[in-house]
1. Could you look through region 109-122, keep only residues that are among the polar types (S, T, N, Q) and within 14 Å of the chain's Cα centre (by Cα), and pick out the one that is surrounded by the fewest Cβ atoms within 10 Å (Cβ to Cβ)?
2. Say we look at region 77-94 and pick out the residues that are out of contact with any helix residue (DSSP H, G or I) (no Cβ under 9 Å at 6 or more places or on another chain) and open to solvent by less than 20 Å² (accessible area, probe 1.4 Å); which of these is farthest from I21 (Cα to Cα)?
3. Within region 42-58, count every residue that is open to solvent by less than 70 Å² (accessible area, probe 1.4 Å) and without any contact (Cβ under 8 Å) to a residue 40 or more places away in the chain.
4. Please name all residue pairs, on different chains or six or more residues apart, with Cβ atoms under 9 Å, provided the first residue is in region 21-39 and is among the small types (G, A, S) and the second residue is in a strand (DSSP E or B).
5. Just to check your reading of the model, which residue among S102, S83, S73 is more than 22 Å from H5 (Cβ to Cβ) and either modelled with pLDDT under 90 or not aliphatic (A, V, I, L, M) (or both)?
6. Across region 24-41, what is the total count of residues that are among the small types (G, A, S) and open to solvent by 50 Å² or more (accessible area, probe 1.4 Å)?
7. Based on this model, can you work out whether Y61 counts as in contact (Cβ under 8 Å) with a residue 24 or more places away in the chain and of a type in the set (S, T, Y)?
8. So, in region 97-122, exactly how many residues are touching a Phe, Trp or Tyr at 6+ places or on another chain (Cβ under 9 Å), of a type in the set (S, T, N, Q) and over 22 Å from H53 (Cβ atoms)?
Amino acid sequence: MGCDHVGIEADVGEDVLLPCIVKRGDAISLSNPTVNWQVNWLNGSCEVVNSFHYGQNHPEYQCGQYKGRTEFSSQGLSDGNASLLLKNVTPADFGNYTCHASLYENTPQTLQIVLLMQKKTQ
């Protein structure tokens, strides 16, 4: 299973796109693609940032701190785009995010790790 690391910088209060691109090749799209975005916190108390399956987002699984602040569009899934928009970044948001995406038949789940860092001040 391939595992890519990407570093993204943002300022507090900004909106930031957490990238997750799945290589398609000539695979057939799944009728029920799933994309789960999780955050890796040391205490492990809550991990789900955004959960998409059965054709819709499932905010009931979301960690409280992310409620109303994520935007996930399924429109790009057929092209392998499983990126997540995180709105109004807070200091608590910085850290490692993982995108678990299953979009195509007979292809392994894609795991993308995104490190969200605070922009360096000049």
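The values are calculated or read from the model by the stated rules, or taken from the named source; none is laboratory data. Predicted model, so just to flag it, every value in this text is computed and none were measured. Cβ coordinates were reconstructed from backbone atoms using ideal geometry, including for glycine residues, and neighbour counts include every protein chain displayed. When the accessible area is computed, the model is the full protein with side chains, heavy atoms only, and any ligands, DNA or RNA have been set aside. Shrake-Rupley method; radii C 1.70, N 1.55, O 1.52, S 1.80 Å.
1. For region 109-122, the residue satisfying everything is Q109.
2. V89
3. 10
4. Hits for this filter: G25/Y104; A27/L103; A27/Y104; S29/L103; S29/Y104.
5. On inspection, the qualifying residue turns out to be S73.
6. 2
7. No; evaluated as a whole, the condition is false for this residue.
8. Summing the residues that are touching a Phe, Trp or Tyr at 6+ places or on another chain (Cβ under 9 Å), of a type in the set (S, T, N, Q) and over 22 Å from H53 (Cβ atoms) in region 97-122 gives 1.
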